[in-house]
Amino acid sequence: MNKALIEKIKNDPDFQKLVKERTRIMIILTLVELVVYFGFILLVAFNKEFLAQKLGDSVITIGIPIGIGVIVISFLLTGIYVYIANKDFDELTEKIKQKYVREV
Amino acid sequence: MTKRSLMFYLLSVAVVGFAFAAGGVEGPVQKQAVNPLAITMFIIFVVATLGITYWAAKRTKTAKDFYTAGGGITGFQNGLAIAGDFMSAASFLGIAGLVYTSGYDGLLYSIGFLVGWPIVMFLLSEPLRNLGKYTFADVTSFRLEQRRIRILAAIGSLSVVTFYLIAQMVGAGKLIQLLFGLPYSTAVIVVGSLMIIYVAFGGMLATTWIQIIKAILLLGGASFMAFMVLLHFGFSFENLFQTAVSVHSKGEKIMAPGGLVSDPLNAISLGLALMFGTAGLPHILMRFFTVPNAKEARKSVFFATGFIGYFYILTFIIGFGAIALFVQHPEYFQNAKQVVVDGITKIVDANDPAKNLIGDKKALVGGENMTAIHLAEAVGGPAFMGFISAVAFATILAVVAGLTLAGASTVSHDLYANVFAKEKDEQKEVKVSKIATIIIGIFAIVLGIVFEKQNVAFMVGLAFAIAASVNFPILILAIYWRNLTTTGAFWGGLAGLVVALVLIVISPTVWVDVLKNPEPIIKLKNPAIFSMLTTFVLTILISKLDSSQRAKEDREGFESQYVRTQTGIGAEGAVHH
């Protein structure tokens, strides 16, 4: 790719929209994952008693659904990313490619 | 000898050699009796995988075939293969054993091993696919100076591969000794030889399919075990946990976090190593080049995360199932007897009825790592136990094959083709990678035998710490930070590696557990928090101060790279045969 083409793609509104959207989603989802996991780790480190609380009369503690929840949330987040990317990013990427791929 | 006849020769040597070795240990010397069912099933697996290798070898001609299976693997297949690469015997037998001895603490490890995947998905999967070709160093060196960046990537990759491989080989030797009654060194040699054959002849195509088959076997076997456990307790978790708490020596403590994560600094440092180490493992990163485009790359991570998460939930059920069901099986314990106290059946020491043995590391025949194997016997009889033993062996084989391929690729593609070779020659590059496979394989066998009596538990943690401190920061900065320069990346990465190595040597895991000193110099068990910080801070600082001509080129190259990262324009495509 030459400099002129790179400039052209960079100034393309579709490219700018793609980058803006993807960066936003990337940052939000990464932060959610970091907060969920390190929040859990800090809970384990500082407040074991909280996780050891029993659910009603059950022998099961609140820590078990929370722990399994971290695994499930992580998986769901990857699903959310795939959903958004398939819905929005691929279409924009295809549009950009159509416009410039002959000039590469 | 032609390639085909050489292949047949090796194939028959491996099968005959294994059958011979298996036949030679029928004596009563080993702790574990030879399990003929397990050996039969394992031989079936070996023959099938050698068949796949033969098939793959005929289709592996170019460098692209060797490194990326031609780039035509689908997202779903790659997801399974990634899961296969990641679900090692350590995470199956080790975590099931940890849940059995400590309950909830086992879950903490599972969670740590899983949470790296969303990070891989959001930050790395698509850029890797759009920028890379064969190894992750293609991505880090995209706009930086090839020579220094490839050397750094090779140092990072080879140290991760070496430590991980030693841990796997030693684990393999001991496990096979237990499962099949084979002598330790025979087991290590069998594993090493098979992995050389898979990788040298079948390249990525054979490695991928071996991972996929192993992943299906492991997920299937673990699902059946968890299902049988739940069936036994009428699909009531309350029943399962209630029984487990009533019989375990630690009682209710198994339902909440215990001593595994004691102080916050250790907890966060281990968390960082597990999370970002996953995102820096060379054999995992390499898998993103086997799919045709960014869309399939992200699909792979989605499926991989699903399979791995599901598998870790299964190991949790398996560990608790073992606690709850082993009371019916005093024969799984050494020197134990079954007693009934206040209507509750317990397993106690034959000489000391006050000592409850459920959850005791040493009391189980073969140790805590045998938890899942004994449970297989308890829920499915000897045939199923044979199956699970064979699956555990297959798991080890698949993981070491993936590691060896990653190590060989960095030697041939990063070091040979991009640093030392005077001209590009793909055929020569493939030849070098095959030679590298054989050398790494022999190296792994020798190290496996040398480290037999050593405590290698720290090596997996170290591999993750190095991956998190050398490979991951440089990848992230190379992809997203315009101002990164070659000099900054090179010295920052090396500093992170040195800090990780030094801190682990003076930590309790090596200074006390391996070197037998009474007191550690530092209390931190995993160095990641400091080594990652070192790499990031130094790399950014040096890059900022770098005003060389090279730095100017490094920064100027960012724009073009950025457009390709985001759109995939100019990215490597798949080839069809």
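The values are calculated or read from the model by the stated rules, or taken from the named source; none is laboratory data. Small disclaimer: the values here were computed from a predicted structure and weren't measured. Here Cβ is always computed from backbone atoms with ideal geometry, including for glycine, and neighbour counts include all displayed protein chains. Heavy atoms of the whole protein, side chains included, go into the accessibility calculation; ligands, DNA and RNA do not. Shrake-Rupley method; radii C 1.70, N 1.55, O 1.52, S 1.80 Å.
Within segment B:525-577, restricting attention to residues that are touching a Phe, Trp or Tyr at 6+ places or on another chain (Cβ under 7 Å) and open to solvent by 40 Å² or more (accessible area, probe 1.4 Å), which residue is nearest to the other protein chains (Cβ to nearest Cβ)?
Filtering segment B:525-577 for residues that are touching a Phe, Trp or Tyr at 6+ places or on another chain (Cβ under 7 Å) and open to solvent by 40 Å² or more (accessible area, probe 1.4 Å), the one nearest to the other protein chains (Cβ to nearest Cβ) comes out as B:L538.
Since A:I66 meets every condition but one in (1) of a type outside the set (F, W, Y); (2) out of contact with any Phe, Trp or Tyr (no Cβ under 9 Å at 6 or more places or on another chain); (3) more than 7 Å from chain B (Cβ to nearest Cβ), which condition does it not meet?
(2)
I need a count of the residues in segment B:323-350 that are under 22 Å from B:Q242 (Cα atoms), open to solvent by 30 Å² or more (accessible area, probe 1.4 Å), of a type outside the set (D, E) and outside any strand (DSSP E or B).
Of the residues in that region, 4 qualify.
Would you call B:A294 in contact with an Asp or Glu (Cβ under 6 Å, 6 or more places away or on another chain) and aliphatic (A, V, I, L, M)? Lay out the reasoning, then the answer.
Numbers: in contact with an Asp or Glu (Cβ under 6 Å, 6 or more places away or on another chain): yes; aliphatic (A, V, I, L, M): yes.
When the stated conditions are applied, B:A294 passes them.
If B:F142 passes every condition in (1) over 22 Å from the mean Cα position of the chain (by Cα); (2) more than 14 Å from every other protein chain (Cβ to nearest Cβ) but one, which one does it miss?
(2)
Looking only at segment B:260-273, count how many residues are without any contact (Cβ under 8 Å) to a residue 40 or more places away in the chain and open to solvent by less than 10 Å² (accessible area, probe 1.4 Å).
Just the residues of segment B:260-273 that are without any contact (Cβ under 8 Å) to a residue 40 or more places away in the chain, to begin with: B:262, B:264, B:267.
So of that shortlist, the ones also open to solvent by less than 10 Å² (accessible area, probe 1.4 Å) come out as B:267.
Residues flagged as without any contact (Cβ under 8 Å) to a residue 40 or more places away in the chain and open to solvent by less than 10 Å² (accessible area, probe 1.4 Å) within segment B:260-273 amount to 1.
Do you know which residues across segment B:500-518 are within 18 Å of B:A468 (Cβ to Cβ) and open to solvent by 40 Å² or more (accessible area, probe 1.4 Å)?
B:L501, B:V502, B:V505
Being outside any helix (DSSP H, G or I) and of a type outside the set (G, A, S) is true for just one of B:R555, B:R482, B:R550, B:R564. Which residue is that?
Numbers: B:R555 fails: outside any helix (DSSP H, G or I); B:R550 fails: outside any helix (DSSP H, G or I); B:R564 fails: outside any helix (DSSP H, G or I).
Going through B:R555, B:R482, B:R550, B:R564 in turn, just one is outside any helix (DSSP H, G or I) and of a type outside the set (G, A, S): B:R482.
Would you point out the residue of segment B:274-293, among those that are assigned to a helix (DSSP H, G or I) and within 12 Å of chain A (Cβ to nearest Cβ), that is surrounded by the most Cβ atoms within 10 Å (Cβ to Cβ)? Working first, answer last.
Quick first cut of segment B:274-293, residues assigned to a helix (DSSP H, G or I) only: B:274-278, B:282-289.
Applying the additional criterion that residues be within 12 Å of chain A (Cβ to nearest Cβ) yields B:274-276, B:278.
Values: B:L274: 25, B:M275: 28, B:F276: 25, B:T278: 24.
Taking the candidates together, the pick is B:M275.
Could you list, in sequence order, the residues of segment B:225-259 that are of a type in the set (A, V, I, L, M) and either open to solvent by 20 Å² or more (accessible area, probe 1.4 Å) or not in a loop (DSSP other than H, G, I, E, B) (or both)? Lay out the reasoning, then the answer.
Within segment B:225-259, the subset of a type in the set (A, V, I, L, M) is B:225-226, B:228-231, B:240, B:244-245, B:247, B:254-256.
B:M225, B:A226, B:M228, B:V229, B:L230, B:L231, B:L240, B:A244, B:V245, B:V247, B:I254, B:M255 - these are the residues of segment B:225-259 that are of a type in the set (A, V, I, L, M) and either open to solvent by 20 Å² or more (accessible area, probe 1.4 Å) or not in a loop (DSSP other than H, G, I, E, B) (or both).
Confirm whether B:Q177 is open to solvent by less than 20 Å² (accessible area, probe 1.4 Å) and polar (S, T, N, Q). Before the answer, list the steps.
Working: open to solvent by less than 20 Å² (accessible area, probe 1.4 Å): no; polar (S, T, N, Q): yes.
So B:Q177 fails the test.
Considering B:G132, B:G106, B:G156, which residue is more than 20 Å from the chain's Cα centre (by Cα) and of a type outside the set (V, I, T)? Spell out how you get there, then give the answer.
Details: B:G106 fails: more than 20 Å from the chain's Cα centre (by Cα); B:G156 fails: more than 20 Å from the chain's Cα centre (by Cα).
After ruling out the rest, the residue left standing is B:G132.
When the residues of segment A:93-104 are narrowed to those that are at the interface with chain B (Cβ under 7 Å from one of its Cβ atoms) and in contact (Cβ under 8 Å) with a residue 12 or more places away in the chain, which ends up nearest to the chain's Cα centre (by Cα)? Working first, answer last.
Quick first cut of segment A:93-104, residues at the interface with chain B (Cβ under 7 Å from one of its Cβ atoms) only: A:93, A:96-97, A:100-101, A:104.
Those left that are additionally in contact (Cβ under 8 Å) with a residue 12 or more places away in the chain: A:93, A:96, A:100, A:104.
Values: A:T93: 19, A:I96: 23, A:Y100: 28, A:V104: 31 Å.
That would be A:T93.
Which of (1) open to solvent by 10 Å² or more (accessible area, probe 1.4 Å); (2) closer than 30 Å to B:G132 by Cβ; (3) at the interface with chain A (Cβ under 10 Å from one of its Cβ atoms) is the odd one out, the single condition B:E296 does not satisfy?
(3)
Across segment B:351-366, what is the total count of residues that are surrounded by 14 or more Cβ atoms within 10 Å (Cβ to Cβ) and in contact with a strand residue (DSSP E or B) (Cβ under 9 Å, 6 or more places away or on another chain)? Can you show your working first?
Keep residues of segment B:351-366 that are surrounded by 14 or more Cβ atoms within 10 Å (Cβ to Cβ), which gives B:355-360, B:363-366.
When the remaining residues are screened for being in contact with a strand residue (DSSP E or B) (Cβ under 9 Å, 6 or more places away or on another chain), the result is B:355-358, B:360, B:363-365.
Count: 8.
Within segment B:88-135, which residues are in a helix (DSSP H, G or I), aromatic (F, W, Y), open to solvent by less than 10 Å² (accessible area, probe 1.4 Å) and more than 10 Å from every other protein chain (Cβ to nearest Cβ)?
Within segment B:88-135, B:F92, B:Y100 meet the criteria.
Which residues, taken from segment B:208-265, are of a type in the set (S, T, Y) and more than 10 Å from chain A (Cβ to nearest Cβ)? Break it down into steps so the answer makes sense when it comes.
Step one: list which residues in segment B:208-265 are of a type in the set (S, T, Y), which gives B:208, B:223, B:236, B:243, B:246, B:249, B:262.
Across segment B:208-265, the qualifying residues are B:T208, B:S223, B:S236, B:S249.
Could you tell me which residue of segment A:69-92 is nearest to the other protein chains (Cβ to nearest Cβ), considering only residues that are among the β-branched types (V, I, T) and in contact (Cβ under 8 Å) with a residue 12 or more places away in the chain?
Taking segment A:69-92 first, the residues among the β-branched types (V, I, T) are A:70-73, A:78, A:80, A:82, A:84.
Remaining after also requiring in contact (Cβ under 8 Å) with a residue 12 or more places away in the chain: A:70, A:73, A:80, A:84.
Details: A:V70: 5, A:I73: 9, A:I80: 10, A:I84: 10 Å.
Only one residue tops the list, namely A:V70.
With respect to the numbered conditions (1) in contact with a Leu (Cβ under 8 Å, 6 or more places away or on another chain); (2) among the small types (G, A, S); (3) more than 10 Å from chain A (Cβ to nearest Cβ); (4) under 28 Å from B:I347 (Cβ atoms), which one is the sole condition not fulfilled by B:G203?
So the condition that B:G203 fails would be (4).
Taking only segment B:196-252 into account, find how many residues are hydroxyl-bearing (S, T, Y), out of contact with any strand residue (DSSP E or B) (no Cβ under 7 Å at 6 or more places or on another chain) and touching a residue at least 60 places away in the same chain (Cβ under 8 Å).
The first filter runs over segment B:196-252 and keeps only residues hydroxyl-bearing (S, T, Y), leaving B:198, B:207-208, B:223, B:236, B:243, B:246, B:249.
Checking which are out of contact with any strand residue (DSSP E or B) (no Cβ under 7 Å at 6 or more places or on another chain) leaves us with B:198, B:207-208, B:223, B:236, B:243.
Narrowing the set further to residues that are touching a residue at least 60 places away in the same chain (Cβ under 8 Å) leaves B:198, B:207-208, B:223, B:243.
Matching residues across segment B:196-252 total 5.
Among the residues of segment A:7-34, how many are of a type in the set (D, E) and at the interface with chain B (Cβ under 9 Å from one of its Cβ atoms)?
In the first step, residues of segment A:7-34 are kept if they are of a type in the set (D, E); the result is A:7, A:12, A:14, A:21, A:33.
Those left that are additionally at the interface with chain B (Cβ under 9 Å from one of its Cβ atoms): A:7, A:33.
Counting residues in segment A:7-34 that are of a type in the set (D, E) and at the interface with chain B (Cβ under 9 Å from one of its Cβ atoms) gives 2.
Examine segment A:35-56 for a residue that is free of Cβ contacts under 8 Å to residues at least 60 places away in the same chain, more than 9 Å from chain B (Cβ to nearest Cβ), assigned to a helix (DSSP H, G or I) and open to solvent by less than 50 Å² (accessible area, probe 1.4 Å), and state whether such a residue exists. Let's see the steps before the verdict.
At the first step, the residues of segment A:35-56 found to be free of Cβ contacts under 8 Å to residues at least 60 places away in the same chain are A:35-56.
Okay, now just the ones that are also more than 9 Å from chain B (Cβ to nearest Cβ), so A:35, A:39, A:47, A:50, A:55-56.
From what's left, assigned to a helix (DSSP H, G or I): A:35, A:39, A:50.
Still in the running and open to solvent by less than 50 Å² (accessible area, probe 1.4 Å): A:39.
The answer is yes, given that some residue of segment A:35-56 is free of Cβ contacts under 8 Å to residues at least 60 places away in the same chain, more than 9 Å from chain B (Cβ to nearest Cβ), assigned to a helix (DSSP H, G or I) and open to solvent by less than 50 Å² (accessible area, probe 1.4 Å).
Among the residues of segment B:315-362, what is the count of those that are modelled with pLDDT of 90 or more and among the hydroxyl-bearing types (S, T, Y)?
Of the residues in that region, 2 qualify.
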